[in-house]
Amino acid sequence: MKKFLFFTLAIAIFACIGKAKAGVVDEEQKVSLYISSKDSLKLAQVWHDTLALKPSCQPAETECFVYVDTLHKFQKLVGIGGAITDATAETFAKLPDSVQQKFIDAYYDAQNGIGYSLMRTTMNSCDFGTENYDYVAENDTTLLSFDISHDDKFRLPLIKRIFVEKGVMPLYVSTWTPPIWMKDNREYFHGGKLLPTCAQAWANYFVKYIQELEKRDIPVWGLSVQNEPMAVQKWESCIYTAEEERDFVKNNLGPTLWKNGMKDKKLIVWDHNRDLLFHRASTILNDYKAAKYVWGVGYHWYETWTGAPMNFEAVRLTKQAFPDKELIFTEGCAEAFDSTKLADFSLGEKYAYSMINDFNAGASAWTDWNLLLDEKGGPNHVSNFCFAPVHAIADSLYFTSAYYAIGQFSKFIRPGAERVACYASRANFYATAFKNADNSLVIVVQNSKDEPMEMKVILQQKELKFSMPQRSIATFVVK
């Protein structure tokens, strides 16, 4: 063992001597560092200075380090954001004007907030709202009665305000259920299936909804076929097997979008958990007649095997098998709301862990669930109360650690950024890296251990040492 350590040390020494002889010297670069941690740091700026990066030596196997190689590039980032549901919009509407502005700035301002650049919303009702509804009269297959005035009360005005104040960003629409008369169980709830005789009317319904939003100057970037198509829920839900979703895309929804001048809309399949991600992607995308309509595959983090780790291998395999299709995380939140846990750092840790590993597995976009909920984790008309990154309590906003954790990514990694090769050398230590269009390099590192870690970031020929706090998330911005 002593011989091994001596040999390792010798390699490191000779490597450094070799670089010194080759003329590699300290290089000054501007480095900013932001940290969120269990010890109450919240996107705190720790460094913003020109630092001397030392020539990099061969790291010892005993060292903790993050290695970044910017010569190897992967997917481009579409955006990072969250969902505006009825619950979010209704809660927002009750806030004083100054607090409403604080909320919009906190999420969508890249300088004073966390710079969200992607948005999801709903078509028809979901559980997060005060009622269930759709937009047409019973048995109106012509859709002549189509009316989205329900959405004009709260949700669409909020989306429009954000677009006007902060700029238009990719918005995609997801649905939880067709109208009850289009389903075999004649319920919004408890699953049920789309009646084959209503498949074309349902495809037309998507087009009508997109047209109505765009009449209101709310451009739609994309849509998903069905939220959680394998979940029979006590709230709005509808079931599709992989073959049924494939055939609906191939025979109805895809052709209908294209015929109506919507070939550019990004069509997302699956929109459910990682467990069946590759099976669903394989079934649909191996059929070229269906695949030609599909932009990407969406997924959630509610893995159905209780206690199972997040199945990032399913994400990685899907990207390897279908490299021309995009992967988008479409929903995740902490369930079972408990107000006594609002201050828990673990809420944010789950986000960081998922985001780092999803990006490293090939995801090009990442979307949180509700942007804002009330002090009970709602409103939710079936009492499925959950956490959001921000909660409205009385007339003020409470920012959980999830908000700051997501911000460690969204504030600094901007749309169009390319992921570059990056890995962490230790277990319970995670990292990802992106290079922005302005040439800035962003490295996000998570230390999930209950102890600080002496570490270094190695940027090919240079390195930076750092003592990372316990249970923390750090973002390095190198220019």
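A short reminder: the numbers here are calculations on the coordinates, not readings from a lab. Just so we're clear, the structure is a prediction, and the values are computed from it rather than from any experiment. We place every Cβ from the backbone using ideal geometry, glycine too, and count neighbours over all the protein chains shown.
Side notes on the structure shown:
- As a ratio to 2.2 N^0.38 Å, the alpha-carbon radius of gyration computed for segment 78-412 takes the value 0.93.
- Stretch in the chain that is longest and holds no chymotrypsin sites (Phe, Trp or Tyr not before Pro) that DSSP places in a loop and that have at most 16 other beta carbons within 10 Å: 306-479
- Among Arg186, Arg316, a tally of other beta-carbon atoms within 10 Å of each Cβ gives an order, fewest to most, of Arg186, Arg316.
- Computing Rg and the Kirkwood Rh from the Cα coordinates of segment 30-110 gives a ratio, Rg/Rh, of 1.12.
- Note on Lys319: lysines with a C-alpha under 19 Å away, same-chain residues under 8 apart excluded, are Lys73, Lys76, Lys266, Lys292.
- Only helices enter this figure: runs of n ≥ 4 DSSP H residues, each worth -39500 (n - 2.57), summed and divided by the residues of the chain, yield -8500 deg cm²/dmol at 222 nm to the nearest 500.
- In Å, descending, principal axis extents of the Cα set of segment 418-460: 36, 17, 14
- When the trypsin sites (Lys or Arg not before Pro) in segment 49-94 are filtered for DSSP coil states and for at most 15 other beta-carbon atoms within 10 Å of their beta-carbon, the remaining sites are Lys94.
- Put simply, the C-alpha atoms of segment 82-167 give a gyration tensor, and the ellipsoid matching it has half-axes of 29, 13, 11 Å, longest first.
- The alpha-carbon atoms of segment 141-282, seen along their principal axes, cover 41, 34, 33 angstrom, with the largest extent given first.
- The amide H of Lys266, built 1.01 Å from its N in the peptide plane, has Gly222, Leu223 as neighbours under 5 Å, considering only residues 5 or more places off or on other chains.
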